[in-house]
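Participant: Shown below is the structure under consideration.
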Amino acid sequence: MSYPYQITSEEGYHAAWKKSIEDPEGFWGEIAEHFEWKRKWDKVLDWNFREPSVKWFDGAQLNITENCIDRHLKTKAHEPAIIWEPNDPNDHHRMFTYQQLHFKVCQFANVLKNNGVQKGDRVCIYMGMIPELAIAVLACARVGAIHSVIFGGFSAQSIADRLKDAQAEFIITCDGAFRGAKDIPLKNVIDDALISCEFVKRVIVYTHTRTAVSMIKGRDVWWEDEIRKVETAGNPDFPAEVMNAEDPLFILYTSGSTGKPKGVVHTCGGYMVYTNYTFVNVFQSQPEDIHFCTADIGWITGHSYIVYGPLSAGTTSLMFEGIPTFPDAGRFWDIIDKYKVNILYTAPTAIRSLMAFGLGPVHGKDLSSLRVLGTVGEPINEEAWHWYDEHIGKKKCPIVDTWWQTETGGILISNMAGITPSKPSYATLPMPGVEPLLVDDKGVEIKENNVTGNLCIRSPWPATIRTTYGDHERCRTNYFATYDNLYFTGDGAYRDENGYYRITGRVDDVLNVSGHRIGTAEVENAINMHAGVVESAVVGFPHDVKGQGIYAYVIYSGSHGDEEMTRRDITATVSRIIGPIAKPDKIQLVTGLPKTRSGKIMRRILRKIAEGEVENLGDTSTLLDPSVVDQIKNSRL
Ligand code: WTA
């Protein structure tokens, strides 16, 4: 199998892009012919950004798992679909051929059905990075249930919020997860979350870490027992549910500038076509490739480029349970050497943290199988880019810097490996079907080059966000109302003389910590829940490894007296309310916050102080009490 729609030259890219913009329906209609549909579409695209309403391949019917699994059975039943590397390198790795994956997914789809899961039901998945996570995701898609995967680092409270928002009655989890030297008791966290979620009917628990768990009668069942029941019943196949192209495939919660995470909804048809197309073209994948994406399936990168993209393309997806520094900082390189990985797709944070260990951990590792390197999630600094290029790619592997978002479902701006030029720290050019533009703060398009502006997209691509679950108005106001008739990304970008885009970072109150999105309002809400906290303001500051760190200014009226202990307690509260990923790196206790007369916090000033720029704070004359600024400056951490 090869990919007839794989672009093979720079001219080919420009031609494809031009065609896709002039005739999106013709362009995507042709690409969609290469998938298996149970019924073809009535219309390729129907849209307006005002409501917004975006429909791709409307009228078509399909099941994404038939495209990710069944259709490969004719030609590659015995080739590996998923290879799994455990946290502990001394444990056994596992491998699933396409045929075995088909078997496992059908089996678990039967388990879901036996437990009452039906098409359209929301199923929350809270597991570590084990193959059963991918199997659970695919089994949901097979029965037409809407999966909502929650990253294993979120707290019980965060899970409860998401369960309520999605009204999810089913949960799939495991006893625990290994991450480096840690053993995270996932089922315990679920139990805490469920205290306030009595509507949950069933929790299916997979045994992985063998940590003790409590099982509630009538609600909790073991994965293994349920599989046995299916086996006893004769282990039947599971015919894939017929889905409309615009039926929801999944919900994935992500942070925005408000306190409450949004449930981003993607649908079956467009998401499938787009993740496959971008996977094949950006990475220049080959059917026999071993593709190693180091993300967690709890984030969009894992959804699109561990599960759906690579499997729909029939390649081998390598799933890794652990972390880059366990048992030592050579782990990624060991894995590449062991499995002869062809494509490595990781985050700048990981690269920066590994750089700090020097070249020792790279020595003696055979990385010659690598053909393409990728980065995602945050801007990559030039130093990290060059280190990646020289020491990992040995200057032979093109690096693709892929810019995209949970809401975009797949990569929107990136070079294509070896096809279009790369430029360090630039995502460069849009994918076919994507028309980016820059606007100023008034929403007026900036047409020249060598300019900075707010990054928008003019028209839909197949994996455009369709809605935010349960609240379409929120989707409209968040993404489609800032600038008339445009999708607003929340990012700023610079466009150079060649029209290449360089993402400069968020222009809203969203932080990007180690490639993870965290809203400042969410962190503030969590801090404010701590007893004794009067008010807080959270900003980002440059962090050598994480990209951005979290800096919190807190007015505290509690009695403690021991500042260090107060900081630790506040941190513990944030960890409990959101999860360890949102813990502030610095907490400065202050007596006041810089506010305007209308009561608005001037974050610009707080950001500068957090960045260490205490001299030129700009105009502070509009502040209610300018002396607050000096106090904050003087007690800066
Ligand atoms: C940032 C991750 C610079 C950006 C796929 C975006 C990037 C947010 C890049 C989305 C990149 C992602 N260069 N910045 N290559 N890729 N971002 O939803 O600020 O977790 O808006 O999706 O990450 O984060 P999300």
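Participant: Would you call Gly540 in contact (Cβ under 8 Å) with a residue 24 or more places away in the chain and not in a helix (DSSP H, G or I)?
Facilitator: yes
Participant: While we're looking at this one, here's another question. Only one residue in Trp37, Trp56, Trp41 is part of a loop (DSSP other than H, G, I, E, B) and under 28 Å from the mean Cα position of the chain (by Cα). Which one?
Facilitator: The conditions single out Trp37.
Participant: Determine if the stretch 476-495 includes at least one residue that is surrounded by fewer than 20 Cβ atoms within 10 Å (Cβ to Cβ), within 26 Å of Ile351 (Cα to Cα) and in contact (Cβ under 8 Å) with a residue 40 or more places away in the chain.
Facilitator: yes
Participant: Which condition number does Lys229 fail, the rest of (1) modelled with pLDDT under 95; (2) touching a helix residue (DSSP H, G or I) at 6+ places or on another chain (Cβ under 7 Å); (3) surrounded by fewer than 18 Cβ atoms within 10 Å (Cβ to Cβ) being met?
Facilitator: (1)
Participant: Mind counting the residues in the stretch 77-88 that are in contact with an Asp or Glu (Cβ under 9 Å, 6 or more places away or on another chain) and either in a helix (DSSP H, G or I) or buried (at least 17 other Cβ atoms within 10 Å of the Cβ) (or both)?
Facilitator: Looking only at that region, the number is 4.
Participant: Moving on to the next point. Can you find a residue in the stretch 419-427 that is of a type in the set (A, V, I, L, M), farther than 15 Å from Asp491 by Cβ, within 16 Å of the ligand (Cβ to nearest atom) and crowded, with 24+ Cβ neighbours inside 10 Å?
Facilitator: Taking every residue of the stretch 419-427 in turn, none turns out to be of a type in the set (A, V, I, L, M), farther than 15 Å from Asp491 by Cβ, within 16 Å of the ligand (Cβ to nearest atom) and crowded, with 24+ Cβ neighbours inside 10 Å.
Participant: Here's a follow-up. Only one residue in Glu535, Glu613 is surrounded by fewer than 19 Cβ atoms within 10 Å (Cβ to Cβ) and not in a loop (DSSP other than H, G, I, E, B). Which one?
Facilitator: Answer to the check: Glu535.
Participant: Can you confirm whether Ser353 is surrounded by fewer than 18 Cβ atoms within 10 Å (Cβ to Cβ), over 28 Å from Ala136 (Cβ atoms) and away from the ligand (no atom under 16 Å from the Cβ)?
Facilitator: no
Participant: Here is a follow-up. May I ask you to say which residue of Gln100, Gln107 is farther than 25 Å from Pro324 by Cβ, out of contact with any helix residue (DSSP H, G or I) (no Cβ under 7 Å at 6 or more places or on another chain) and not in a strand (DSSP E or B)?
Facilitator: That would be Gln100, the only listed residue that is farther than 25 Å from Pro324 by Cβ, out of contact with any helix residue (DSSP H, G or I) (no Cβ under 7 Å at 6 or more places or on another chain) and not in a strand (DSSP E or B).
Participant: Within the group Gly515, Gly532, which residue is within 10 Å of the ligand (Cβ to nearest atom) and on the phi > 0 side of the Ramachandran plot?
Facilitator: Gly515
Participant: Restricting attention to the stretch 363-373, does a residue exist that is out of contact with any Gly (no Cβ under 7 Å at 6 or more places or on another chain), farther than 17 Å from Met416 by Cα and of a type in the set (Val, Ile, Thr)?
Facilitator: Checking the stretch 363-373: not a single residue is out of contact with any Gly (no Cβ under 7 Å at 6 or more places or on another chain), farther than 17 Å from Met416 by Cα and of a type in the set (Val, Ile, Thr).
Participant: Taking the stretch 511-532 on its own, how many of its residues are hydrophobic (A, V, I, L, M, F, W, C) and surrounded by fewer than 21 Cβ atoms within 10 Å (Cβ to Cβ)?
Facilitator: 3
Participant: Another question about this same structure. As an exercise: evaluate Glu473 against (1) within 16 Å of the ligand (Cβ to nearest atom); (2) surrounded by fewer than 16 Cβ atoms within 10 Å (Cβ to Cβ); (3) over 18 Å from Asp401 (Cβ atoms) and give the number of the one condition it does not meet.
Facilitator: Glu473 satisfies every listed condition except (1).
Participant: Which members of the stretch 323-332 meet the condition of being surrounded by fewer than 23 Cβ atoms within 10 Å (Cβ to Cβ) and of a type outside the set (Asp, Glu)?
Facilitator: Passing the criteria: Ile323, Thr325, Phe326, Pro327, Ala329, Gly330, Arg331.
Participant: Looking only at the stretch 186-208, count every residue that is in contact (Cβ under 8 Å) with a residue 40 or more places away in the chain and either assigned to a loop (DSSP other than H, G, I, E, B) or among the aromatic types (Phe, Trp, Tyr) (or both) and tell me the total.
Facilitator: 3
Participant: What about Trp387, is it under 29 Å from Ile581 (Cβ atoms) and crowded, with 23+ Cβ neighbours inside 10 Å?
Facilitator: Here the answer is no, as Trp387 does not meet what is asked.
Participant: Identify the single condition in (1) over 18 Å from the mean Cα position of the chain (by Cα); (2) on the phi < 0 side of the Ramachandran plot that Ile380 does not satisfy, given that it satisfies every other one.
Facilitator: Looking at each condition in turn, Ile380 falls short on (1).
Participant: Taking the stretch 112-130 as the region of interest, how many residues are surrounded by fewer than 21 Cβ atoms within 10 Å (Cβ to Cβ) and not in a loop (DSSP other than H, G, I, E, B)?
Facilitator: 2
Participant: Kindly indicate whether any position in the stretch 388-401 is touching a residue at least 40 places away in the same chain (Cβ under 8 Å) and near the ligand (Cβ under 10 Å from one of its atoms).
Facilitator: Yes - at least one qualifying residue is present in the stretch 388-401.
Participant: If you don't mind, there's one more thing I want to ask. Taking Asp508, is it within 26 Å of Gly547 (Cα to Cα), of a type outside the set (Gly, Ala, Ser) and within 10 Å of the ligand (Cβ to nearest atom)?
Facilitator: So Asp508 passes the test.
Participant: Oh, and also: Select, from Asp183, Asp225, the only residue that is among the charged types (D, E, K, R) and in a strand (DSSP E or B).
Facilitator: Matching residue, one of Asp183, Asp225: Asp183.
Participant: What residue, of Thr477, Thr452, is closer than 18 Å to Val265 by Cβ and at pLDDT 95 or above?
Facilitator: Sole residue among the options that is closer than 18 Å to Val265 by Cβ and at pLDDT 95 or above: Thr477.
The values are calculated or read from the model by the stated rules, or taken from the named source; none is laboratory data. Predicted model only: the values in this text are computed from it and were never measured. Neighbour counts are summed over all protein chains in view; Cβ atoms, including those assigned to glycine, are modelled from backbone coordinates with ideal geometry.
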